[in-house]
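One structure is given here, and the rest of the page talks about it.
The values are calculated or read from the model by the stated rules, or taken from the named source; none is laboratory data. Quantities reported herein were computed from a predicted structural model and do not represent experimental measurements. Positions of Cβ are generated from backbone atoms using ideal geometry, with glycine treated the same way; all protein chains shown enter the neighbour counts.
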Amino acid sequence: MSAPATGGPAQAATPIRVLLADDQPLIRLGFRMVLSSAPDIELVGEAETGAAAVDLTTALRPDVVLMDVRMPGMDGIDATRRIVSESPQSRVLILTTFDLDEYAYAALNAGASGFLLKDAQPAELIAAIRTIARGDAVIAPRITRLLLDAFAGHLPNDSPAPSPLIDRLTPRERQVLGEVAAGRSNQEIATRLVLSEATVKTHLGRILTKLELRDRIQAVVFAHHHRLLDGH
């Protein structure tokens, strides 16, 4: 099931190791061709089911897993949840046809580090893999807003008990978190709060550390789950 990409890394000492999980051979072929064009990315394996994706992630320890949502048996959401729990060194990028895919919110809640349209341009896929591999999340602010609007019904009607982690945040950090949860980019937040982008990034890093979250997407889910947008 392994299909290593040709060519060595251009500048990085170690290529980004990628596992591809999709039940459609033609889809995998297309992604394989795209990945083979990037000298700093190595396709280390392919899986046709969610269960196989979990097993191969354990065995191969890829940096990034490209995960289809709809697969036979264990779907991409359950597979993502298992990978995040059992192989935290591997980060998951959900591949979706979108159209406000009903599974997208669940996938993010399961711990995915982002999602990408299957018809994204090759350069977008490569950039997304590189972004996730360095520890950032891939989700456009516009899509964040669409998702949160579309899946507001997934949130409980009653507000959950406030997390004690919230008390760790300064007033400014809570303000920045509210802006992130509203789907705004670092540049937009910097403009709204009259800060530099570097300062916004610093605040976001501290927020993630204090709330024990992995990335921007988890921060968005956390903020909405605890309804921190109300009056932030």
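Annotations
- Strands (runs of 3 or more DSSP E) fully within the stretch 16-81 counting 1 or more residues that are over 16 Å from residue 92 (Cβ atoms) and in the same structural domain as residue 126 (by TED's automatic domain parsing): 41-47
- Residue check for residue 217: touching a strand residue (DSSP E or B) at 6+ places or on another chain (Cβ under 7 Å) and modelled with pLDDT under 95: yes
- In the stretch 2-13, the count of residues that are modelled with pLDDT of 95 or more and in a loop (DSSP other than H, G, I, E, B) is zero.
- Filtering the stretch 207-221 to residues that are within 17 Å of residue 134 (Cα to Cα) and either in a helix (DSSP H, G or I) or in contact with a helix residue (DSSP H, G or I) (Cβ under 6 Å, 6 or more places away or on another chain) (or both) leaves 208, 209, 213, 216, 217, 218.
- Contacts under 9 angstrom Cβ, first residue in the stretch 127-138 being at positive phi, partner surrounded by fewer than 23 Cβ atoms within 10 Å (Cβ to Cβ) and among the basic types (Lys, Arg), 6 or more apart: 135/214
- Failed criterion for residue 93 (all others in (1) under 26 Å from residue 58 (Cβ atoms); (2) at pLDDT below 85; (3) not in a loop (DSSP other than H, G, I, E, B) hold): (2)
- In the stretch 120-166, residue farthest from residue 37 (Cα to Cα) [restricted to those that are at pLDDT 80 or above, of a type outside the set (A, V, I, L, M, F, W, C) and outside any helix (DSSP H, G or I)]: 134
- Set 183, 178: member being within 25 Å of residue 112 (Cβ to Cβ), under 20 Å from the mean Cα position of the chain (by Cα), outside any helix (DSSP H, G or I) and among the small types (Gly, Ala, Ser): 183
- Of the listed requirements (1) modelled with pLDDT under 95; (2) touching a strand residue (DSSP E or B) at 6+ places or on another chain (Cβ under 6 Å); (3) crowded, with 22+ Cβ neighbours inside 10 Å, residue 31 misses just one: (3).
- Residues considered: 228, 193. Of these, the only one that is of a type in the set (A, V, I, L, M, F, W, C) and at pLDDT 90 or above is 193.
- Answer residue from the stretch 163-186, given it is of a type in the set (A, V, I, L, M, F, W, C) and crowded, with 19+ Cβ neighbours inside 10 Å and is farthest from residue 204 (Cα to Cα) among those: 182
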